[in-house]
């Protein structure tokens, strides 16, 4: 499997937000403003690459070796949550500038299904270490792309005449569906 | 079994790593943050405007938020938090939201756009559909943003803040695309100055003290006299005095004046609410910000000094006033006669200011009893010099120093001292008195002389009545009181009798020539027109300047820069900071002899600069400041749709009664008249104006 294929596949074809429909809560929660959407995207890229690395290591070096694959989900949850907490502490001490930018988004990612999902998909496809690293990054970029696109749309939704009953989250979900349809067009590319 | 061991292992490993990390990457956090966080609700609701309870606690410790930040925990928690911070919860500054637009459906529409339901949407289409580029768009984004139901749509289709419900979270401010609804602390409001992009009526733009005139008039209309007093006091602490003596330049720009030819009687209404407070028997509460521990010395207890001290005190600084005279008040005590501003009234007003916790020292003169160095030794961090303009100008003509010749301010202040028992000097009053000059001081002199029993009082002015700088009301009152006016008369020399006393004033008759740079037609003497006016007392009141003799006796002030009019120089008339960074100036000592209201505005401007200086910030002018100018396009040629109405007349004591006493000559309008007059106000905003709603 070529790297280009992985990248295109993860960003567009199997976009984590719009094709897999994972990570819906940050998708709706942080997409009201472009500013927060960008911050969230950056944080996801940062965390997902780290999580992708560490879960691959855990899976391949421990779970497979000791025949404990059925513990995958629970151990991934534990590891990702600890990792995010650890990164938060590390950033606060060592890179305060980065912490100031990403700080408030990090706790939101602790239990993010998009991160979890991407890690699980990586091991499911039995990618190599480097491949899973690239895939994690690409998934995160796809997440960012979809979120920023969506934020751009949502910032303009206020211009439109939305029926009272469909305001805010409802129209958000409808819009998300329409954008997802657009992304459907990528199907079959890879 | 393996599974159990594995989970135990991975759990233990994660736990240990995190425990070690929390040690290794420990960042010192103020323990008070955790303590305060435990006192908040813990709901992370965001109602306070911060991203969570931890962020709010950090803000409290950083003194960016008040102890009552948590909107859920309530007053008890606020008290507990205040205790953690060592603050008194009562004095903490409350944030309140305020809709600064008084707009509504007034400005013309630019276009019709159906279907938009939010301000931010309509704002993105050519800045809204109304012509007014400043005002409220009226779709209520702030109402939707407020989770405390503290904003509602008012009867005139613009949002109104319900103060009792507002917690100051700032959600409305974030939601408003036009930056009209703002959350401010009291200090923020006290330090607000007119800006080019603010929604300001022509009168509020013109007022040197920048009082929000339409707002206080509206409050009178609604019967909220206390609110009205607070509105005025946010800009002008001397409302009783200004309500009596202000020449109200605001009324000259009143839009009602354009069509109706009679402006709204703005100043009369100020006097009405000011008197209302005085006669109510109690003082309205004036809140002050928590103490900052910084000390400021205010030299000169005149209007500028009192205003500066008042605002600095309310901003939380410790202020002490030093004055050379036996009582505070400066020129408004010693330069303005009793019949215009009774001392009892002034006394009450000054007492209210000193009650805020301002110390005063009288009979101390700069350069003699105190010096800048002695003040610095006492621990003052900044000095405000509001020394006023007490030195009368001389005519520079022959015989000016004869017996029976006086100067204006000198005469008025000496008389004022004797009148109130602060001096036992015998004031000489002539039979036939002549006063030279056309300003308010000259009029004050003639009207005082009439009351002192002079048989005949004349005023000599080198231009015509139209050019007199004195207030029109004053000129008219003087005419009613029987003063002889000699216009177009330039004093030539003072004639002496054989004993060296004044016998007469020789003057040249003048005619008006070409206009000079001030737009007034320059008087030109007529050759050979010398005339002598018999007199036994001559008062020169042709203007005055600051007395800067302290420069010779105070070493620290030797290098204080002064202008050629001997006013204290400040690099920028908006910051009022002198070349010695910790010395600030304002009032007459900065501008030369000018209006009381100008000095009050200057005092507040200086207070802002001193506040910045004491906080270690750069002393810069206000951004986009509207200083002594008008917002382009807001001064109209015509205002259609005005219904004619007559201005409320000012009640006065009858002439034959008033010229015998120093009783206050101008009286206050009645409540009925005040409300009637308040309805004449068009409540102008910026481009919109209120078409007369036939009430």
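Residue A:49: part of a helix (DSSP H, G or I), in contact with a helix residue (DSSP H, G or I) (Cβ under 6 Å, 6 or more places away or on another chain) and away from chain B (no Cβ under 12 Å), yes or no?
Values: part of a helix (DSSP H, G or I): yes; in contact with a helix residue (DSSP H, G or I) (Cβ under 6 Å, 6 or more places away or on another chain): yes; away from chain B (no Cβ under 12 Å): yes.
Spelling it out, residue A:49 is indeed part of a helix (DSSP H, G or I), in contact with a helix residue (DSSP H, G or I) (Cβ under 6 Å, 6 or more places away or on another chain) and away from chain B (no Cβ under 12 Å).
Residues that are within 14 Å of another protein chain (Cβ to nearest Cβ) and at pLDDT 80 or above: which helices (runs of 4 or more DSSP H) entirely in segment B:1-80 hold 2 or more of them? Write out each step before concluding.
Details: elements: B:2-24, B:31-39, B:53-61.
Where helices (runs of 4 or more DSSP H) fall fully within segment B:1-80 and carry at least 2 residues being within 14 Å of another protein chain (Cβ to nearest Cβ) and at pLDDT 80 or above, they are B:2-24.
Considering only residues that are in contact (Cβ under 8 Å) with a residue 24 or more places away in the chain and part of a loop (DSSP other than H, G, I, E, B), which ones fall in segment B:249-270?
Step one: of segment B:249-270, the residues in contact (Cβ under 8 Å) with a residue 24 or more places away in the chain are B:249-256, B:258-260, B:262-270.
Within segment B:249-270, B:253, B:254, B:262, B:263, B:264, B:265 meet the criteria.
Just one of (1) over 27 Å from residue B:196 (Cα atoms); (2) touching a strand residue (DSSP E or B) at 6+ places or on another chain (Cβ under 6 Å); (3) in a helix (DSSP H, G or I) trips up residue B:656, so point out which.
So the condition that residue B:656 fails would be (2).
Looking at (1) surrounded by 14 or more Cβ atoms within 10 Å (Cβ to Cβ); (2) in contact with a strand residue (DSSP E or B) (Cβ under 6 Å, 6 or more places away or on another chain), which is the only condition residue B:474 fails?
Going through the list (1) surrounded by 14 or more Cβ atoms within 10 Å (Cβ to Cβ); (2) in contact with a strand residue (DSSP E or B) (Cβ under 6 Å, 6 or more places away or on another chain), residue B:474 breaks only (2).
Taking segment B:628-644 as the region of interest, how many residues are surrounded by 15 or more Cβ atoms within 10 Å (Cβ to Cβ) and modelled with pLDDT of 85 or more?
Here the count works out to 1.
For residue A:141, indicate whether it is more than 14 Å from chain B (Cβ to nearest Cβ), part of a helix (DSSP H, G or I) and exposed (fewer than 12 other Cβ atoms within 10 Å of the Cβ). I'd like the intermediate steps shown before the answer.
Details: more than 14 Å from chain B (Cβ to nearest Cβ): yes; part of a helix (DSSP H, G or I): yes; exposed (fewer than 12 other Cβ atoms within 10 Å of the Cβ): no.
Considered against the rule, which asks whether it is more than 14 Å from chain B (Cβ to nearest Cβ), part of a helix (DSSP H, G or I) and exposed (fewer than 12 other Cβ atoms within 10 Å of the Cβ), residue A:141 comes out as no.
Taking residue A:64 as the residue in question, decide whether it is within 11 Å of chain B (Cβ to nearest Cβ) and on the phi < 0 side of the Ramachandran plot.
Details: within 11 Å of chain B (Cβ to nearest Cβ): no; on the phi < 0 side of the Ramachandran plot: yes.
No: the conditions fail for residue A:64.
On the given criteria, is residue B:281 assigned to a loop (DSSP other than H, G, I, E, B), at positive phi, touching a residue at least 40 places away in the same chain (Cβ under 8 Å) and out of contact with any helix residue (DSSP H, G or I) (no Cβ under 7 Å at 6 or more places or on another chain)? Spell out how you get there, then give the answer.
Numbers: assigned to a loop (DSSP other than H, G, I, E, B): yes; at positive phi: yes; touching a residue at least 40 places away in the same chain (Cβ under 8 Å): no; out of contact with any helix residue (DSSP H, G or I) (no Cβ under 7 Å at 6 or more places or on another chain): yes.
No, not satisfied.
What number of residues within segment A:67-80 satisfy the criterion of being more than 8 Å from chain B (Cβ to nearest Cβ) and surrounded by 13 or more Cβ atoms within 10 Å (Cβ to Cβ)?
Residues that pass the stated criteria total 4.
Can you tell me which residues in segment A:88-129 are part of a helix (DSSP H, G or I), under 17 Å from the mean Cα position of the chain (by Cα) and within 14 Å of chain B (Cβ to nearest Cβ)?
Scanning segment A:88-129 gives A:102, A:106, A:107, A:108.
Taking only segment B:2-19 into account, find how many residues are loosely packed, with under 14 Cβ neighbours inside 10 Å and within 60 Å of the chain's Cα centre (by Cα).
Count: 1.
State whether the residues of segment A:140-152 include one that is at pLDDT 85 or above and farther than 30 Å from residue A:2 by Cβ. I'd like the intermediate steps shown before the answer.
Filtering segment A:140-152 for residues at pLDDT 85 or above gives A:140-152.
Then drop every residue that is not farther than 30 Å from residue A:2 by Cβ, which leaves A:151-152.
Yes, segment A:140-152 contains a residue that is at pLDDT 85 or above and farther than 30 Å from residue A:2 by Cβ.
Being crowded, with 22+ Cβ neighbours inside 10 Å, in contact (Cβ under 8 Å) with a residue 24 or more places away in the chain and outside any helix (DSSP H, G or I) narrows it down to one residue among B:395, B:412, B:328; which is it? Before the answer, list the steps.
Numbers: B:395 fails: crowded, with 22+ Cβ neighbours inside 10 Å; B:412 fails: outside any helix (DSSP H, G or I).
Of B:395, B:412, B:328, the one residue that is crowded, with 22+ Cβ neighbours inside 10 Å, in contact (Cβ under 8 Å) with a residue 24 or more places away in the chain and outside any helix (DSSP H, G or I) is B:328.
Looking at (1) under 30 Å from the mean Cα position of the chain (by Cα); (2) in the same structural domain as residue B:519 (by TED's automatic domain parsing); (3) touching a residue at least 12 places away in the same chain (Cβ under 8 Å), find the lone condition where residue B:449 falls short.
Against the list (1) under 30 Å from the mean Cα position of the chain (by Cα); (2) in the same structural domain as residue B:519 (by TED's automatic domain parsing); (3) touching a residue at least 12 places away in the same chain (Cβ under 8 Å), residue B:449 comes up short only on (1).
With a cut-off of at least 3 residues that are outside the structural domain of residue B:331 (by TED's automatic domain parsing) and in contact (Cβ under 8 Å) with a residue 60 or more places away in the chain, name the strands (runs of 3 or more DSSP E) lying wholly within segment B:485-568. Lay out the reasoning, then the answer.
On the way: elements: B:489-496, B:502-515, B:521-525, B:531-534, B:537-540.
In segment B:485-568, the matching strands (runs of 3 or more DSSP E) lie at B:489-496, B:537-540.
Pick from B:132, B:136, B:142, B:101: which is modelled with pLDDT of 75 or more, surrounded by 17 or more Cβ atoms within 10 Å (Cβ to Cβ) and in a loop (DSSP other than H, G, I, E, B)? Even if it seems obvious, please write down each step before you answer.
Working: B:132 fails: modelled with pLDDT of 75 or more; B:142 fails: in a loop (DSSP other than H, G, I, E, B); B:101 fails: modelled with pLDDT of 75 or more.
Only one candidate qualifies: B:136.
Does at least one position in segment B:109-116 carry a residue that is at pLDDT below 75, away from chain A (no Cβ under 14 Å) and in a loop (DSSP other than H, G, I, E, B)?
no
The values are calculated or read from the model by the stated rules, or taken from the named source; none is laboratory data. This is a predicted model, so every value here is computed, not measured. Positions of Cβ are generated from backbone atoms using ideal geometry, with glycine treated the same way; all protein chains shown enter the neighbour counts.
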